[in-house]
Amino acid sequence: AFTPPYAAAQTINFEFDYPDNSDITNAQKAYIKSYVDSFENEMNAANFQDTANGWRKHGAVNSFIDFMIMQELSKNNEAYRYNTYFYKDKGTKMRPGPLWGFDLAWKNTADCSSSADTGWCYNLGGTCPAELKLAPFWWSKLRTDTLFMRELRCRYRSFRQPGSPLDTAQIFHYIDSVSTRLNTDSALIRNFAQWPIFGVPIVNEPAPMASNYSTEIANLKQFIKARIAWLDNQWPQPTNCAPAGLNDDDLAEALASVYPIPAHQQLHIDIQDVNPRNYSLHLYNLQGRIVLEKQTLQQSNTLDISGISKGIYFVQIKSGKGSLVRKVIVE
């Protein structure tokens, strides 16, 4: 119903992904449409920042914060406009995710200045208004929500602490560990023998293109370091930030880490929750059957997955405040 910023004739289209077209009922379609319409109307209203009657009535704050941090961190050319999913569990608010489609992120294309380590993804239409798909107005509007931006800056700065997810030492360690694993299994050699792409322009890569894998990794690290340095200046630490983690609104807004991915013998589940509580952990297969479950009061847990088959699974973390789901690959 709302034209995206910078649009000429472009519009925003929403599609049902789940339930499938063959399964979804007219009542479900009407409910989803009504819910999204209410969210947009509240976001567009003069009192959109009202914590009781504004957009927060239908949108999960921390999920929107985490989504924006990830899209902006990666300088994703397709952020907010392609491959953007939203979901809503029964009894909870709408939240963006799962994260998807980072083919043109991390300085992998020069389109619309996306290779620059400065600038905002939500404002891509300001650089390239002729793009066929533009971001909804939500994200630029959120940038004017003073409480939202304060909470985002607090959350971002907590992630930037030493040993936290956005500590560059942690990020680079993960990159190096994956690289070492791929080298050990000779996957790199086989991959680039099958697809010799170095020096071959595929998606308008910024020049100069890397001529080998080690240079590609060095370029990636350099971009991440520069991008984070820019974001650090844009999102300075506010005073009196509350502890990072789950607030009382909903468990689904928690920061939960499920690793390693892929997993082999053990699966680790860490929950950052400022109010510890009883948790139910369930591991589901693709058929929706529970293959492992655990009741716990601990925020750090380890599941023994040595006895389950290889494949894709989903971890559901539940408490009296709600639930969240994470995808898992077992090898």
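The values are calculated or read from the model by the stated rules, or taken from the named source; none is laboratory data. Note that the structure is a prediction, hence the values are computed from the model and not measured. Cβ placement follows ideal geometry from the backbone for every residue including glycine, while neighbour counts extend to all protein chains displayed. Calculation scope for accessible area: heavy atoms of the full protein, side chains included, ligands and nucleic acids excluded. Shrake-Rupley method; radii C 1.70, N 1.55, O 1.52, S 1.80 Å.
Within the accessible area of the chain, what % is carbon and sulfur when the probe is 1.4 Å and the other protein chains stay in place?
Numbers: 9180 of 17800 Å².
Looking at the chain in its full context, I get 52 percent from C and S.
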Fluctuation leader among Tyr85, Tyr31, Tyr279 - the chain, Gaussian network, Cα springs under 10 angstrom
Tyr31
Karplus ³J(HN,Hα) for the range 58-72 (6.51 cos²θ - 1.76 cosθ + 1.60, θ = phi - 60°; Hz, whole; x = Gly/Pro) runs 10, x, 7, 4, 4, 5, 5, 5, 4, 5, 5, 4, 5, 5, 6
Using a 4.7 Å Cβ cut-off, which Cys residues in the chain lack a partner cysteine?
Cys121
The rounded separation in angstrom of the Cα centers of the range 94-138 and the range 176-196 is 29 Å
Where is the GNM fluctuation largest for the chain (alpha-carbon springs, 10 angstrom cutoff): Pro136, Pro260, Pro19?
Pro19
How are the alpha carbon pair distances in the chain distributed across 10 Å bins from zero to the largest one, expressed in percent?
5, 21, 32, 28, 13, 1
Built amide H within the under 5 Å cut-off of Ser323, gap 5+
Leu251, Ala252
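Strictly over 21 Å apart at the Cα level, which of Lys90/Lys141; Lys88/Lys310; Lys294/Lys327; Lys75/Lys327 would you flag in this model? Could you put the intermediate results ahead of the total?
Working: Lys90/Lys141 27 Å; Lys88/Lys310 28 Å; Lys294/Lys327 17 Å; Lys75/Lys327 23 Å.
From the list (Lys90/Lys141; Lys88/Lys310; Lys294/Lys327; Lys75/Lys327), the Cα-Cα distance tops 21 Å for Lys90/Lys141; Lys88/Lys310; Lys75/Lys327.
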Along the charge dipole of the range 125-239, pointing to its positive end and built from +1/-1 on Cβ of Lys, Arg, Asp and Glu, which listed residue (Thr144, Val203, Leu166) has its Cα farthest out?
Thr144
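Enter the accessible area per residue of the chain (Å², integer; probe 1.4 Å; all protein chains in place). Mind dumping the intermediate values first?
Details: 17800 Å² over 331 residues.
Averaged over the residues of the chain, the accessible area is 54 Å².
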In straight Cα distance, which aspartates and glutamates are under 15 Å from Lys107, not counting same-chain residues fewer than 8 positions off?
Glu72, Glu78, Asp117, Glu205, Glu216
